[in-house]
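First the structure, in the form of structure tokens, and then the observations on it.
We did not get these values from a lab; they are worked out from the coordinates using the rules stated. Because the structure is a prediction, the values reported are computed rather than measured. We place every Cβ from the backbone using ideal geometry, glycine too, and count neighbours over all the protein chains shown.
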Amino acid sequence: MRSLALVLLAFPTFPLLSPLLAPGIAASAPSLVREEDDTPLMKEMEKLDAAMELLKRSVLDPAQDAKSLEQLAIAQQACVASKSMVPKMAEKTPVAERAGFVTSYRKGMVAVLVELANLEAAVLDGDRERARSLWKKLDGMKDEGHNTFTEGE
């Protein structure tokens, strides 16, 4: 087993196979995500995405309103933190277009924040149909934003 582990350490596929190895070896495996890709903006977006995933079903269930409101607070906080950050793609945007790119990103995040507040109001009102519609709108905004402001990240 030890020699197999040494051979696998030499190959880039090792992180994919590491769960098959001894736990101590797997724990020391390099991550598939490079640390430089784990930007503060990416961390906030992960919080927002996780909250949205939980909201997908919780907004439909009155018994989960407290959970929905908690997740909405997390999503709103992540959105507020994200809107003043600059996407990595801005570095690759021509200098003459960069300010407009960053402004467009920020305005998009403001629009997301507004819709998150609208979703919160729908949950507080108990309007499940509107809450579901707003969740779908936010999900579409996510796809649109990722297509515009990321390179498949």
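Quick notes on this one:
- Theoretical FRET efficiency, 1/(1+(r/R0)^6), r = Cβ-Cβ of residue 80 and residue 124, R0 25 Å, to 0.05: 0.85
- Projecting label points 7 angstrom from Cα along Cα→Cβ for residue 89 and residue 147 puts them 1.1 nm apart.
- Per-residue Cβ neighbour rank within 10 angstrom, fewest leading, 47, 107: 107, 47
- Debye-formula intensities of segment 104-153, expressed as log10 I(q)/I(0) at q = 0.13, 0.16 Å⁻¹, are -0.33, -0.48 (one equal scatterer per alpha-carbon, no solvent).
- Relative packing of 94-102, 71-79, 132-140, which averages over residues the other C-beta atoms within 10 Å, highest first: 71-79, 132-140, 94-102
- With both labels modelled 7 Å from their Cα along Cα-to-Cβ, the residue 132 to residue 114 distance reads 2.6 nm.
- Charge tally in the Cβ shell below 13 Å around residue 61, where Lys, Arg are +1 and Asp, Glu are -1, residue 61 excluded: +4
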